[in-house]
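The structure appears below as C-alpha cells.
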Amino acid sequence: MLAYTIYLSFAGALLLAVLPKRWHAAARVIALLVALCGLAVALAGFISAGTQGPVAVADLPWIPAMGIHYTLEADGISRVLVLLTGLAAVAGILFSWNIGDKADDRANEFFAFFLALIGGVYGVFLSVDLFLLFVFYEIAIVPKYFLIAIWGSTRREYGAMKLALYSFAGSAMVLIGLLTAYAVAGGQTGNYSMNLHTLAQYHFSTSFQMWAFPLVFTGFAILAGMWPFHTWAPTGHVAAPTAASMLLAGVVMKLGAYGCLRVAMTVFPHGLDPWGFSFLGIDSWRTVFGLFAVIGIVYGATVALVQNDFKFVIGYSSVSHMGLVLLGLLTLTQIGIDGAVLQMFSHGILAGLLFATVGRIVYERTHTRDLALLNKLQLSKAMPFAAWLFVIAGMASMGLPGFSGFVAEVQVLIGAWEAFPWFAAIAGLGIVIGVAYTWRAMQRVFFSDHPAVTADGSPVPIPEYEPVTWAEKAGVILLAGTSLLIGVYPRLLLDVIAPAVQALPHALLTGGHQ
C-alpha cells in the first residue's frame, strides 16, 4: 500500500509537467489532491501496520546481474517518517496557494518539481535496497535546486548552487562507501547484493568499518545540517520559497539523519568502537560526531540569537534542532534513539509551521524580513493571527510541555546523559539559548513598544494587510494540531518507533560491542 505514495507523487508530477501553463488554478488543485491522496495512503499504512515490525511493500528484480532489487519495506521508523512527509506535502501546497496568482508564476512547473521531490523522499524512507535508496536520494535533491533557483528570493542562485554542491559532495561520499561495502561483501561471499539486511548481517572487519563508517555517516550528515558542514542550510532556507523551505527543514534534512541511522550506523556498527587511544578525551568516531552535534546545537542557537533577518533566525534554529537529532542517534540507547526519531517528526512539523509563518504569512504581506523594520509595524495589532501563531509555534519549538518537541527533547537529553553527561549539559545550554532567540524574535517582530512615527511625532496608523486565507488557516490547523496531538499523546508514535529501534542490530545498541 505505502508504495503508492511514491507512484502517486511521480504520476502527479508528470501530469503537472504536461499541463498547459495557463491552467494555474487547476495545477494547484491537482497538486493538493495528489498530496492528500499520498497523505491518506501514508496514514492508512501507518494505522493498518500498528506496532508490528517491518512490513514488505514491494520486491522485484531490477538489475539482477548486479543483485539489485526494487525492494521496499516499512518498519516503524519508516512509517513515522512517511507520515511526516505526507503532512509536510499537504501543508506545503496549502501555504503555496498564492503560486499562480501572477501570470509568470509557472504554477504547473512549481508543483511538478514539488511532487517529484516528495516522491523521492517517500522512496528514500521506504527503500531497503541501498542502490534504490541512493537513486531516490538523488531524485529528491534535484527538484530542490530548481525550486530555489527559479522561485526563490534572496541570493537564490547562490543558495541553490550551494545546496546542490554540498548535497552531491555528501552523495559521492555515501556512494563510495556503499560500493566498497558491496564489493567487499560480494567478493567474500559470492552473493553480490545491496540489500540493507544482507549487508548488515555481513561481518565487515573492524578496520574496514573504521573508515567506511565516518565516510558514509558524514556524507548523510551533511544533508542533516551537521556542524561544520551546515552552512548550506541557513542560506538555502532563506533563498527558498516558503513551500521549499518547509520541505527543506521538514523532510529533506531528515533524509540525512535517516541515512545516518539506517545505513551508516546499521551497516557499520563497529565503526563506533573505541579507537584504542584517546586525544583530548576523544576516543571514537561516536565521540567525534557527538561533539559535532552539540557544537551544532549551541552554535545554531547562538547565531540565531544575533540574526536580524527573520528567516535566518528560523534557518539557524533548524541547525540547532537537527543537532539534537544527531546527538540522540549517537547515544546508542533505546530512549535516545526513540527521542531522535520523534524529534525528526516534531521538528519537521514545527519547522514547517515556523517557516510558513515567517515566509508566507508575514513576508508575503510586509515584504520585509528585517527585524528592525518589522519592529515598527505593530504586527500584533495588524496581524494578530500571525502573532499568536508564532507564539504557539515558537514555544512548541523550544520544548513547551503539551507539544511534540517537549517529549522528543527530554528523551534525547536523558539518552545523552546516559552516554555523554557533559554533552547533555551543553545541549541543555543550547536549549536555553533557543528560548532566548525565540523570545527575542517574538518581541521584536510582534510585540514591540516602538511603533513608527510621522515627522510630527505621532504614531503611524496601523497598516492593513491581506487577511489570512482559508488555505493558510487549513495549513496551520494541520501542523499545529498534529504537534499538539503528539505532545498530548506521544504513544501514538513512540509505540511504533520503539519496536523498530529495538530491532536494530545488537552491535549498534550495545555501542558497537557484541
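The values are calculated or read from the model by the stated rules, or taken from the named source; none is laboratory data. From a predicted model like this one, the values you see are computed outputs, not experimental measurements. We place every Cβ from the backbone using ideal geometry, glycine too, and count neighbours over all the protein chains shown. Please note that ligands, DNA and RNA were not included when accessible areas were found on the heavy atoms of the full protein model with its side chains. Shrake-Rupley method; radii C 1.70, N 1.55, O 1.52, S 1.80 Å.
Just give me the residues in region 364-397 being crowded, with 21+ Cβ neighbours inside 10 Å and closer than 14 Å to ALA480 by Cα, in sequence order.
Result: ALA386, LEU389, PHE390, ALA393, GLY394, ALA396, SER397.
Hey, ASP104 hits all of (1) open to solvent by 10 Å² or more (accessible area, probe 1.4 Å); (2) in contact (Cβ under 8 Å) with a residue 12 or more places away in the chain but one; which does it fall short on?
Checking ASP104 against (1) open to solvent by 10 Å² or more (accessible area, probe 1.4 Å); (2) in contact (Cβ under 8 Å) with a residue 12 or more places away in the chain, the one that fails is (2).
Scan region 267-277 and give yes if some residue there is open to solvent by 40 Å² or more (accessible area, probe 1.4 Å), outside any helix (DSSP H, G or I) and touching a helix residue (DSSP H, G or I) at 6+ places or on another chain (Cβ under 7 Å), otherwise no.
Here is the first cut: in region 267-277, the ones open to solvent by 40 Å² or more (accessible area, probe 1.4 Å) are 274-277.
In the following step, the residues that additionally are outside any helix (DSSP H, G or I) were identified as 274-277.
Restricting the remaining residues to those that are touching a helix residue (DSSP H, G or I) at 6+ places or on another chain (Cβ under 7 Å) gives none.
No, because not a single residue in region 267-277 is open to solvent by 40 Å² or more (accessible area, probe 1.4 Å), outside any helix (DSSP H, G or I) and touching a helix residue (DSSP H, G or I) at 6+ places or on another chain (Cβ under 7 Å).
Scan region 156-168 residue by residue and report those that are under 20 Å from LEU215 (Cβ atoms) and open to solvent by 50 Å² or more (accessible area, probe 1.4 Å).
Taking region 156-168 as the starting set, the residues that turn out to be under 20 Å from LEU215 (Cβ atoms) are 165-168.
Selection gives LEU165, TYR166, PHE168.
Looking at region 278-335 only, could you name the residues that are aromatic (Phe, Trp, Tyr) and open to solvent by 10 Å² or more (accessible area, probe 1.4 Å)? Step through it out loud before you land on a result.
Here is the first cut: in region 278-335, the residues aromatic (Phe, Trp, Tyr) are 279, 285, 289, 292, 299, 310, 312, 316.
Correct list: PHE279, TRP285, PHE292, TYR299, PHE312, TYR316.
Do any residues in region 270-298 that are over 23 Å from VAL412 (Cβ atoms) have Cβ atoms under 6 Å from those of residues that are part of a helix (DSSP H, G or I), where the two are at least six apart or on different chains, and which pairs are they?
Between residues of region 270-298 that are over 23 Å from VAL412 (Cβ atoms) and residues that are part of a helix (DSSP H, G or I), the close pairs are HIS270/THR206; HIS270/GLN209.
Say whether the condition of being closer than 20 Å to TYR4 by Cβ, open to solvent by less than 10 Å² (accessible area, probe 1.4 Å), in contact with a strand residue (DSSP E or B) (Cβ under 6 Å, 6 or more places away or on another chain) and not small (Gly, Ala, Ser) is met by at least one residue in region 68-86.
yes
Has region 421-432 got any residue that is more than 20 Å from SER317 (Cα to Cα), among the small types (Gly, Ala, Ser) and either touching a Gly at 6+ places or on another chain (Cβ under 8 Å) or in contact (Cβ under 8 Å) with a residue 24 or more places away in the chain (or both)? Break it down stepwise before answering.
As a first pass, look at region 421-432 and keep what is more than 20 Å from SER317 (Cα to Cα): 421-422.
Narrowing the set further to residues that are among the small types (Gly, Ala, Ser) leaves none.
There is no residue in region 421-432 that is more than 20 Å from SER317 (Cα to Cα), among the small types (Gly, Ala, Ser) and either touching a Gly at 6+ places or on another chain (Cβ under 8 Å) or in contact (Cβ under 8 Å) with a residue 24 or more places away in the chain (or both).
Whether any residue in region 467-479 is over 23 Å from LEU94 (Cα atoms) and modelled with pLDDT of 90 or more is what I want to check. Walk me through how you get there before you give the answer.
Going through region 467-479, the residues over 23 Å from LEU94 (Cα atoms) turn out to be none.
No, region 467-479 contains no residue that is over 23 Å from LEU94 (Cα atoms) and modelled with pLDDT of 90 or more.
What helices (runs of 4 or more DSSP H) completely inside region 303-399 contain at least 3 residues that are of a type outside the set (Lys, Arg) and without any contact (Cβ under 8 Å) to a residue 60 or more places away in the chain?
Values: elements: 310-330, 334-355, 371-374, 379-382, 384-397.
It comes to 384-397.
In this structure, is ALA172 on the phi < 0 side of the Ramachandran plot, in contact with a Ser or Thr (Cβ under 6 Å, 6 or more places away or on another chain) and open to solvent by 10 Å² or more (accessible area, probe 1.4 Å)? Walk me through how you get there before you give the answer.
Numbers: on the phi < 0 side of the Ramachandran plot: yes; in contact with a Ser or Thr (Cβ under 6 Å, 6 or more places away or on another chain): no; open to solvent by 10 Å² or more (accessible area, probe 1.4 Å): yes.
Judged against the criteria, ALA172 is not a match.
Does ALA503 satisfy being at pLDDT below 90 and either surrounded by fewer than 21 Cβ atoms within 10 Å (Cβ to Cβ) or in contact with a Leu (Cβ under 8 Å, 6 or more places away or on another chain) (or both)?
Working: at pLDDT below 90: yes; either surrounded by fewer than 21 Cβ atoms within 10 Å (Cβ to Cβ) or in contact with a Leu (Cβ under 8 Å, 6 or more places away or on another chain) (or both): yes.
The answer is yes for ALA503.
Yes or no: region 48-58 includes at least one residue that is within 27 Å of ILE337 (Cβ to Cβ) and at pLDDT 90 or above. Break it down into steps so the answer makes sense when it comes.
Looking only at region 48-58, we keep the residues that are within 27 Å of ILE337 (Cβ to Cβ), and these are 48-58.
Adding the requirement that they be at pLDDT 90 or above leaves none.
Scanning region 48-58, I find no residue that is within 27 Å of ILE337 (Cβ to Cβ) and at pLDDT 90 or above, so the answer is no.
Can you pull out every residue in region 14-55 that is surrounded by fewer than 22 Cβ atoms within 10 Å (Cβ to Cβ) and of a type in the set (Gly, Ala, Ser)?
Matches in region 14-55: ALA17, ALA25, ALA26, ALA40, ALA44, SER48, ALA49, GLY50, GLY53.
Mind counting the residues in region 144-158 that are closer than 20 Å to GLY100 by Cβ, of a type in the set (Lys, Arg) and over 21 Å from the mean Cα position of the chain (by Cα)? Walk me through it before giving the result.
Initial filter on region 144-158 (closer than 20 Å to GLY100 by Cβ): 146-153, 156.
Imposing the further condition that a residue be of a type in the set (Lys, Arg) reduces the set to 156.
Adding the requirement that they be over 21 Å from the mean Cα position of the chain (by Cα) leaves none.
Summing the residues that are closer than 20 Å to GLY100 by Cβ, of a type in the set (Lys, Arg) and over 21 Å from the mean Cα position of the chain (by Cα) in region 144-158 gives 0.
Please go through region 91-101 and give me each residue that is out of contact with any Lys or Arg (no Cβ under 8 Å at 6 or more places or on another chain), open to solvent by less than 10 Å² (accessible area, probe 1.4 Å) and farther than 10 Å from ALA31 by Cβ, ordered by number.
Result: ALA91, single match.
Does at least one position in region 227-243 carry a residue that is out of contact with any strand residue (DSSP E or B) (no Cβ under 7 Å at 6 or more places or on another chain), open to solvent by 20 Å² or more (accessible area, probe 1.4 Å), of a type in the set (A, V, I, L, M, F, W, C) and in contact (Cβ under 8 Å) with a residue 12 or more places away in the chain?
The answer is yes; a qualifying residue exists.
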